[in-house]
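The values are calculated or read from the model by the stated rules, or taken from the named source; none is laboratory data. Bear in mind that the values here come from a model prediction, so they are computed numbers and not experimental data. Heads up, the Cβs are rebuilt from the backbone with ideal geometry, glycines too, and the neighbour counts pull from every protein chain shown.
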Amino acid sequence: MSGTLIDFSHAISAGMTKYPLQPDVEIEVLGSRLKAHVAHVGSHIGTHVDAPMHAIEGGKRMDELDIARFRGTAVVSTVHRRAGEEITIDDILAGGPEPREGEVLLVHTGWDKLFHDEVAYEDHPWLADEVGPWAVEKRLNMVGIDAFSPDQPIDRREDNANFRYPIHRTLLGAEVLIIENLVNLEAASGRRGSFWAFPVYTLAPGGDAGHVRFMFEPID
């Protein structure tokens, strides 16, 4: 499998599944011969990376992040959890290579298979609170998941109005970036590899998130 690039990204399309607080994706085609497309799409729709300012007051914007962070080494850890269940550190370590300092951890739950069922996809498993400080202590570059969010889904929260987004705040507060809505992670289950995930620059300057084309090449 080495030498094969695997695409971990969702295509942007009109009407695609979105987080409940995001607007619908709209795409307009202009012209009859030479076509031009106009897209109305939120920065947190599809496969994207969250910058610190998304959850942290005064945190770095997308344009303030070192572009070198968007290539490097990543590990894919497969976990088997259902809706309403937390993903622990032990689950992550049992599912793939232990991530090293500076690497990206990608958590494969298989939830991407439900992407086209917005209701089912929203009720995803999430990272236990302990995972945030652990990832920070290991000095990881990013943490990604094949779901809407690494935090508890909206309908599972006891008090949504006062929910503190513990994973977002812990990771982004330490400048460990977050990648959401990954896909096809099963193709590299339990593997370590090289990755390239440069944010779309037209969305990045000044923003709290940016769409990425996440490409992965297994090396282990």
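Among residues of the range 105-131 that are closer than 26 Å to residue 194 by Cα, those with a Cβ under 6 angstrom from a residue that is among the aliphatic types (A, V, I, L, M) and in a loop (DSSP other than H, G, I, E, B), sequence gap 6+ or separate chain, pair up as 105/140; 109/79; 111/147; 112/183.
Of the residues in the range 34-54, at least one is loosely packed, with under 13 Cβ neighbours inside 10 Å and either assigned to a loop (DSSP other than H, G, I, E, B) or touching a residue at least 40 places away in the same chain (Cβ under 8 Å) (or both). Considering 154, 179, 145, 167, the condition of being touching a residue at least 60 places away in the same chain (Cβ under 8 Å) and either of a type in the set (Gly, Ala, Ser) or surrounded by 16 or more Cβ atoms within 10 Å (Cβ to Cβ) (or both) is satisfied by 179 alone. Annotation note: Cβ proximity below 9 Å between a residue of the range 20-33 that is over 18 Å from residue 154 (Cα atoms) and free of Cβ contacts under 8 Å to residues at least 60 places away in the same chain and a residue that is of a type in the set (D, E, K, R) and in a loop (DSSP other than H, G, I, E, B) (sequence gap 6+ or interchain) occurs for 24/18; 25/18; 29/35. As for the range 101-118, it holds no residue that is among the charged types (D, E, K, R), out of contact with any strand residue (DSSP E or B) (no Cβ under 9 Å at 6 or more places or on another chain), under 22 Å from residue 164 (Cβ atoms) and surrounded by 19 or more Cβ atoms within 10 Å (Cβ to Cβ).
Restricting to the range 61-85, count the residues that are of a type in the set (Lys, Arg), touching a strand residue (DSSP E or B) at 6+ places or on another chain (Cβ under 8 Å) and over 23 Å from residue 114 (Cβ atoms). So the answer is 2. Counting the residues of the range 182-198 that are over 15 Å from the mean Cα position of the chain (by Cα), surrounded by 19 or more Cβ atoms within 10 Å (Cβ to Cβ) and assigned to a loop (DSSP other than H, G, I, E, B) gives 1. Of the set (1) surrounded by 13 or more Cβ atoms within 10 Å (Cβ to Cβ); (2) closer than 23 Å to residue 170 by Cα; (3) among the acidic types (Asp, Glu), all apply to residue 7 but (2). Any residue at all in the range 175-197 that's closer than 19 Å to residue 71 by Cβ and either of a type in the set (Lys, Arg) or at pLDDT below 95 (or both)? Looking through the range 175-197, at least one residue is closer than 19 Å to residue 71 by Cβ and either of a type in the set (Lys, Arg) or at pLDDT below 95 (or both). Among all residues of the range 208-220, there is at least one that is at pLDDT below 95, surrounded by fewer than 16 Cβ atoms within 10 Å (Cβ to Cβ) and over 14 Å from residue 49 (Cα atoms).
Summed over the range 122-165, the residues that are touching a Leu at 6+ places or on another chain (Cβ under 6 Å) and β-branched (Val, Ile, Thr) give a count of 1.
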